[in-house]
Amino acid sequence: MEFETVACIAVICYVIGAICKAINKFPDKLIPVVVGIVGGGLGILGLYVMPGFPADNILDAVAVGISSGLTATGVNQIYKQLSKEDE
């Protein structure tokens, strides 16, 4: 269940990052910070709510959540770089 948990947090953070991107007044440089914080919060929530969560204490849960949230930013950047035309 560990991969599914991390993937769920990453997908939720990706959507939140996309919403931030859609808000024109929201600075792009803050999106990774937002998804990292949201991921950390979801990691804490997952520790207490999800059976089989890949952490057994709050610090590990925050670390799992933040890394899962920042994965969403990395996935977005990989997609952007691969779909970019060669100049």
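Structure summary
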quantity: Of the criteria (1) within 15 Å of VAL6 (Cβ to Cβ); (2) surrounded by 16 or more Cβ atoms within 10 Å (Cβ to Cβ), which one GLY74 fails; calculated: (2)
quantity: Residue count, the range 37-65 (criterion: part of a loop (DSSP other than H, G, I, E, B) and either surrounded by 11 or more Cβ atoms within 10 Å (Cβ to Cβ) or without any contact (Cβ under 8 Å) to a residue 12 or more places away in the chain (or both)); calculated: 6
quantity: Single unsatisfied condition, SER68 versus (1) in contact with a Lys or Arg (Cβ under 8 Å, 6 or more places away or on another chain); (2) crowded, with 17+ Cβ neighbours inside 10 Å; calculated: (1)
quantity: Residues of the range 1-36 that turn out to be over 11 Å from ALA72 (Cβ atoms), part of a helix (DSSP H, G or I) and not hydrophobic (A, V, I, L, M, F, W, C), as a count; calculated: 6
quantity: Top-ranked residue in the range 1-36 [being more than 21 Å from ASN57 (Cβ to Cβ) and charged (D, E, K, R); ranked as surrounded by the fewest Cβ atoms within 10 Å (Cβ to Cβ)]; calculated: LYS25
quantity: Residue in the range 66-85 that is assigned to a helix (DSSP H, G or I), out of contact with any strand residue (DSSP E or B) (no Cβ under 8 Å at 6 or more places or on another chain), at pLDDT below 90 and of a type in the set (Lys, Arg) present; calculated: yes
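The values are calculated or read from the model by the stated rules, or taken from the named source; none is laboratory data. All values reported here derive from a predicted model rather than from experimental measurement. Cβ sites come from the backbone with ideal geometry, for glycine too, and all protein chains shown count toward neighbours.
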